[in-house]
Amino acid sequence: MNILYNQTLLRNFYSIYAALFILFLIYFFSGIESLGVFVEYLAIGVLIISWIFSSRLFKMIGGLFVAAGVIFTLTSGGGIGTIISNSTSNLPLLMFFSLLPWIGTVVKVGGLDESITDMIQDRKNRVDKIYGSSVFTTYFLGIFLNISAIYIIQRVLNDLFKRAPVTLKNEFIIKSTLRAFALAVIWSPLEVIVGLTVDSTSVSYFTLLPWLLLTSVIVGVTEVLLTRHEFKGFTIDAPFDEINGSALRKSIIKMLILLVSFLSVVMFFNMNSDLDFVLTVALIIVPFSFVAAFVMKRFPIFLKTGWSTWQTHNNHMQNFSVLFLSLGIFSGGFNSSFVPELMQQVFGYVDSFLILILLLIMLVIYGLAMIGVHPVATLAILSEVLVPVMTAENALSIGIVMVVCGMGISAAAPYGVNATMTAQSMNINPYRITKMNMGFSLRMGLTGILIAIIALVI
């Protein structure tokens, strides 16, 4: 192990990821069996090496996930080969995080991050006023850029709050970005949880849409009013840049063009290919970023800045690798175990009481998220578990709760994508994020259940 732990390897970690992702894509599109086996063993190798360089917390988390996944797999009749192959299930997600800096670099070199700062800042640097602006901006970008929006806004806020107390900065960024993102994407047709729910309930997206929008607005307004009050009276030491109205309008137009273009490209490929959403976005990020930089006439500086930023980012992705690769082993084993069947029996006991079914859905999604099962995986399990209790009358209500709870917990789940990315960038324990946002997640989930009951009655 000490042989592997050296600075030369750490400085060149980006090349290991690049090799893994390139080989994975070649296998994905070619289907060459022998290459697939090689990628699986390479993923295990990356997991082991990343574990050596990861923090103590993620060493523990990764070890627990691998141990639980191995036990689940072996007790359900699987073998070592199954365990190894399960490790690659989250490679598209890992690749997505590897490539995120490119879209962030486009925003930076195009001067759009300055426009975002202009939209967020307050002349008197009042934190409660900045909070409302930050939520709106994150919401706006989240609709178009999905998870990439969190990365961009958090970077801007981190710079704006660089002279503020660390505790205030962390609490502000965690609450304003993760909560706004959860609210923004519950009605997005590009969100994988929305698509999965539409498929599993057979409820039209356009039937779900008004109820999801209503939930988003109600929870959003409530949260801004509640949380702004928490920050009332606080100010930060940050320079205020006088806003050039004409320049800001041009930047906003440029940003809208960028966002709509990105959304259109993602939607086109998402509708005209069999690729899942995360892999679609991951494949689009780099070519889209290069084309956008070229159109903005910022290509040379984009290339130089992007390459340096991407290398640095990937050289510090060990915690992500440990989490997602070990989580693949755990999720694969969990899905093949006796637990999903047991869950179906429990739902069968309450099939006559819709309110209990909805509360149980929330409990399952939130409970499994706390131990690292992604809501997408949970909803895939629930789509089978709920078949005996789902009817034409309650399908809409069930669909509303599945989407709202699936995204609601994203703001607080300690091993979820959003919280993990935030914890990594802030260098904090992910359970601190859970502590700050769990109240929001519970309020959002319960509001979703209330809206679902109203939808049933109406």
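The values are calculated or read from the model by the stated rules, or taken from the named source; none is laboratory data. This one's a predicted model, so the numbers in the text were calculated from it and none came from an experiment. As a convention, Cβ positions derive from the backbone with ideal geometry for all residues, glycine included, and neighbour counts pool all protein chains shown.
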Practice problem: Look through 262, 269, 302, 288 and report the one residue that is in a helix (DSSP H, G or I), over 27 Å from residue 369 (Cβ atoms) and free of Cβ contacts under 8 Å to residues at least 60 places away in the same chain. | Solution: 269
Quiz item: Taking residue 135, is it touching a strand residue (DSSP E or B) at 6+ places or on another chain (Cβ under 7 Å) and closer than 20 Å to residue 225 by Cβ?
Solution: no
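Residue by residue, here is whether (1) in the same structural domain as residue 106 (by TED's automatic domain parsing); (2) among the aromatic types (Phe, Trp, Tyr); (3) farther than 13 Å from residue 131 by Cα holds:
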| site | (1), (2), (3) |
| --- | --- |
| 168 | yes, no, no |
| 211 | no, yes, yes |
| 215 | no, no, yes |
| 218 | no, no, yes |
| 223 | no, no, no |
Self-check item: Matching residues in the stretch 339-369 - criterion: being among the hydrophobic types (A, V, I, L, M, F, W, C), in contact with a helix residue (DSSP H, G or I) (Cβ under 8 Å, 6 or more places away or on another chain) and modelled with pLDDT of 85 or more
Solution: 354, 355, 357, 358, 359, 360, 361, 362, 364, 365, 368, 369
Quiz item: Among the candidates 71, 84, 48, 44, which residue alone is aliphatic (A, V, I, L, M), touching an Asp or Glu at 6+ places or on another chain (Cβ under 7 Å), surrounded by fewer than 19 Cβ atoms within 10 Å (Cβ to Cβ) and assigned to a helix (DSSP H, G or I)?
Solution: 84
Self-check item: Spans of helices (runs of 4 or more DSSP H) in the stretch 152-201 with at least 1 residues among the hydroxyl-bearing types (Ser, Thr, Tyr)
Solution: 166-173, 192-201
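When the residues of the stretch 56-68 are filtered to those that are surrounded by 15 or more Cβ atoms within 10 Å (Cβ to Cβ) and not aromatic (Phe, Trp, Tyr), which remaining residue is farthest from residue 16 (Cα to Cα)?
Across the stretch 56-68, the extreme among qualifying residues is 68.
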Practice problem: Return the total of residues in the stretch 436-448 being within 17 Å of residue 363 (Cα to Cα) and either touching an Asp or Glu at 6+ places or on another chain (Cβ under 9 Å) or surrounded by fewer than 20 Cβ atoms within 10 Å (Cβ to Cβ) (or both). | Solution: 8
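So, in the stretch 340-370, how many residues would count as being touching a residue at least 40 places away in the same chain (Cβ under 8 Å), of a type in the set (A, V, I, L, M, F, W, C) and surrounded by fewer than 19 Cβ atoms within 10 Å (Cβ to Cβ)? Show your work before the answer.
Applying the first criterion (touching a residue at least 40 places away in the same chain (Cβ under 8 Å)) to the stretch 340-370 yields 340, 343-344, 347-348, 354-355, 357-359, 361-362, 365-366, 369-370.
Those still in the list that are of a type in the set (A, V, I, L, M, F, W, C) too: 343, 347, 354-355, 357-359, 361-362, 365, 369-370.
From the residues that got through so far, the ones that are surrounded by fewer than 19 Cβ atoms within 10 Å (Cβ to Cβ) too are 355, 359, 370.
Number of matching residues: 3.
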Quiz item: Just a yes or no: is a residue in the stretch 288-308 in contact with a Pro (Cβ under 8 Å, 6 or more places away or on another chain) and either closer than 14 Å to residue 110 by Cβ or among the small types (Gly, Ala, Ser) (or both)?
Solution: yes
Quiz item: For residue 156, are the conditions met, namely being in contact with an Asp or Glu (Cβ under 7 Å, 6 or more places away or on another chain) and not hydroxyl-bearing (Ser, Thr, Tyr)?
Solution: yes
Practice problem: Within the stretch 376-397, identify whether any single residue is buried (at least 24 other Cβ atoms within 10 Å of the Cβ), modelled with pLDDT of 90 or more and in contact with a Leu (Cβ under 8 Å, 6 or more places away or on another chain), and answer yes or no. | Solution: yes
